[in-house]
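Report on one structure; see the data block that follows.
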Amino acid sequence: MNARPAPLADTLERVRARIERADAAPTLDALAQFAQLSPGHLQRAFRRRYGVSPAEYHRARRFGQFKAALQGGAAVTDAVYEAGFGSGSRVYEHSDRLLGMTPASYRAGGAGASIRYTTTATPLGRLLVAATARGICAVTLGADDAELAARLAAEFPQAARERVDAGREEWLDAVIARIACELGWSGAAAPALPPLDVAATAFQWRVWDALTKIPAGQTRSYGELAAAIGAPKAARAVGNACGNNRLALIVPCHRVVREDGTPGGWRWGVERKRELLARERRGAKR
């Protein structure tokens, strides 16, 4: 009598454990053979359960070890090999996306980074946009400039911060112009979005990318967004990814609501969230 196949959840957990033990990233074909599933089925099922592909899971795990070694004071070269990377080039290949800065800068807690920022008035209060030499690192809303500057200092305590006047920094001005255009505060054409310099995991990037695809004036629940990225059981993780968004209005996490349709919280204030959604809905009806 043939043995009954293991439940899919158990199979996926065995695959995850195998990835954890692997020194080098296993190929999808090898993992599929181990799981006795087709590569496509394994890829889809693994992503639904864990929110990332097997390859992304392995990379995120390695970077987690890498970051822990850096925080523990290890030299960058030592941390590279402690985390199982074959060479430093593999780290720098993905560090922009997963660390938001170079490994050496991360180890120093962001010390040495230079941040330029500006503020401007909007119908939702004061808006701050900040950038490093690598890209936009913060977009935030607040009641006044002092609050915004204090929040930026708390976010980047080790960095040098310089306030510049509006109109003197191309990237900062481009973000402000884009936000003003997309939210109906300006009739000018929206400029291209500058590069971003934010620390995020592969899963967070997937959530943030999905957020940008929600049309203005519409909302999605956390569960609906989780389903949209192929991870229907990851509503809580989606909520955490939204909570970690540091790019107000650029990554429109205000378009995510609770399952019952109520607004829920928002890093920049639930009243602002309500007003912003109302403005978008009015604009969508025009």
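Data overview
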{"quantity": "Contacts under 6 angstrom Cβ, first residue in region 240-265 being on the phi > 0 side of the Ramachandran plot, partner surrounded by fewer than 24 Cβ atoms within 10 Å (Cβ to Cβ), 6 or more apart", "calculated": "LEU249/ILE179; GLY264/VAL257; GLY264/ARG258"}
{"quantity": "Among the residues listed as ALA199, ALA190, ALA248, ALA216, the single one being in contact with a Phe, Trp or Tyr (Cβ under 7 Å, 6 or more places away or on another chain) and of a type outside the set (Ser, Thr, Tyr)", "calculated": "ALA248"}
{"quantity": "From the options ARG134, ARG168, residue that is over 22 Å from the mean Cα position of the chain (by Cα), surrounded by fewer than 20 Cβ atoms within 10 Å (Cβ to Cβ) and basic (Lys, Arg)", "calculated": "ARG168"}
{"quantity": "Given (1) more than 23 Å from ARG281 (Cβ to Cβ); (2) of a type in the set (Ser, Thr, Tyr); (3) in a loop (DSSP other than H, G, I, E, B), index of the condition THR120 fails", "calculated": "(3)"}
{"quantity": "Flag for ILE179 being assigned to a helix (DSSP H, G or I), out of contact with any Asp or Glu (no Cβ under 6 Å at 6 or more places or on another chain) and modelled with pLDDT of 90 or more", "calculated": "yes"}
{"quantity": "Residue ID - farthest from ALA189 (Cα to Cα), chosen from residues in region 135-176 that are among the charged types (D, E, K, R) and at pLDDT below 85", "calculated": "GLU155"}
{"quantity": "Residues (open to solvent by less than 40 Å² (accessible area, probe 1.4 Å), within 27 Å of ARG48 (Cβ to Cβ) and of a type outside the set (S, T, N, Q)) located in region 207-225", "calculated": "VAL207, TRP208, ALA210, LEU211, ILE214, GLY223, LEU225"}
{"quantity": "Qualifying position, being surrounded by fewer than 17 Cβ atoms within 10 Å (Cβ to Cβ), farther than 28 Å from LEU152 by Cα and aliphatic (A, V, I, L, M), among ALA188, ALA234", "calculated": "ALA188"}
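Here's the yes/no breakdown for (1) more than 17 Å from the chain's Cα centre (by Cα); (2) under 20 Å from LEU128 (Cα atoms); (3) of a type in the set (A, V, I, L, M, F, W, C); (4) at pLDDT 90 or above:
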{"site": "PRO215", "(1), (2), (3), (4)": "yes, no, no, yes"}
{"site": "ALA228", "(1), (2), (3), (4)": "no, no, yes, yes"}
{"site": "LYS233", "(1), (2), (3), (4)": "yes, no, no, no"}
{"site": "ALA248", "(1), (2), (3), (4)": "no, yes, yes, yes"}
{"site": "GLY269", "(1), (2), (3), (4)": "yes, yes, no, yes"}
{"site": "ARG272", "(1), (2), (3), (4)": "yes, yes, no, yes"}
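The values are calculated or read from the model by the stated rules, or taken from the named source; none is laboratory data. Computed from a prediction, not measured in an experiment: that's the story for all the values here. For neighbour counting, all protein chains shown are included, and Cβ atoms are generated from backbone atoms with ideal geometry for every residue, glycine included. Calculation scope for accessible area: heavy atoms of the full protein, side chains included, ligands and nucleic acids excluded. Shrake-Rupley method; radii C 1.70, N 1.55, O 1.52, S 1.80 Å.
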